[in-house]
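Down below is the structure, laid out as structure tokens.
Laboratory data are not the source of any read-out in this text; all were calculated from the coordinates shown. For clarity, every value in this text was computed on a predicted model and none was experimentally measured.
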Amino acid sequence: MYWGLAGALFSAVCCGVASAMQAVAVQATTDGGRGFDPRFLWRLLGQRRYLGGLALTLVGLLAQVGALRSLPLFVAQATQSAAIPVTAVVAVWWFGLRMGRVEWIAVALVCVGLSLLGVASLGAGSGQPGMVFHWAVLAAAGVLPLLALCADKLPDRSRSAVLGLISGLGFGATGIAIRVIPGFGLATIVTDPAAYAIVAAGVIANWCYAAALQRGDVIAPTATMLIGMTVPPALIGELMLGDQARPGWAPVAFVGFVIALASALALARFGHIEVTERTAAEVRT
């Protein structure tokens with residue numbers, strides 16, 4: 001279990017650095033379409049920082065596989081909230097961005113909540129839903145682009161938060177699919193719909209996250225993304241996969257979960273880290 005927790009934390013670090021890199025690359029991409037638009041995604045693929053962020057995201061996903069298969073989903077996914085302080089530190093130190101007192105307090109509370117979750121966790125449950133559930137995860141991934149198209153019509157601030165949330169739902173679906181797939185042999189990958197859900201949900205999640213970063217925020221869409229990737233998998237893990245806390249530690253796990261997500265919500269509501277023109281200009285060069 002401890003190796004799984006270490007993998008989840010390493011994955012969160014990768015995700016945090018990747019988020020900061022992708023945010024600056026998005027701000028530097030000023031032509032070729034905006035919003036949830038394939039032209040915009042194509043332009044992003046020409047940005048070295050964005051490609052580097054994608055590479056880090058992939059490394060983080062590989063590290064997260066062990067965590068998803070050895071830890072309860074409410075721990076494995078909530079641990080990704082550690083990406084927020086990592087994003088904040090990288091954004092302030094590396095890119096010269098600004099963050100206020102509210103954001104720093106929320107970042108500290110995220111760390112407190114994650115610590116409580118790690119202490120209270122027992123281990124992954126042994127529940128195995130049937131193939132219908134695997135198809136349901138794939139179908140859920142297919143709905144995400146429709147939700148993104150609707151969110152793309154919202155005002156800027158709401159649009160950024162909602163697209164971040166949809167991105168989180170995509171990453172959450174990826175995590176659930178990794179958890180329920182019985183193995184990674186060739187026969188399983190070809191025949192199991194959960195394997196296709198991993199790819200489809202992952203692509204849509206990264207696309208939505210890039211679109212969410214266009215307004216200039218880094219922290220707010222990252223916070224709503226973490227809400228989307230944490231709450232639904234946690235509920236599914238508890239209700240369908242047999243995840244649980246240590247005997248007598250359920251209240252501690254609940255408090256840690258609430259603190260981590262409430263802090264993420266505070267960042268989503270009040271947090272704002274703006275990408276400066278200087279930083280964007282540096283990325284263009």
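Pull out a ≥ b ≥ c, the square roots of the eigenvalues of the alpha-carbon gyration tensor of region 138-177, then state rounded if a/c is under 1.5, prolate if not and a/b is larger than b/c, and oblate in the remaining case. It comes out oblate by the Cα gyration axes. Averaging the sequence gap over all C-alpha pairs within less than 8 Å and six or more residues apart, then dividing by the number of residues, gives region 103-205 a relative contact order of 33 percent. Rounded if a/c is under 1.5, else prolate if a/b beats b/c, else oblate: with a ≥ b ≥ c from the C-alpha gyration tensor eigenvalues square-rooted, which is region 151-214? Verdict is prolate for region 151-214.
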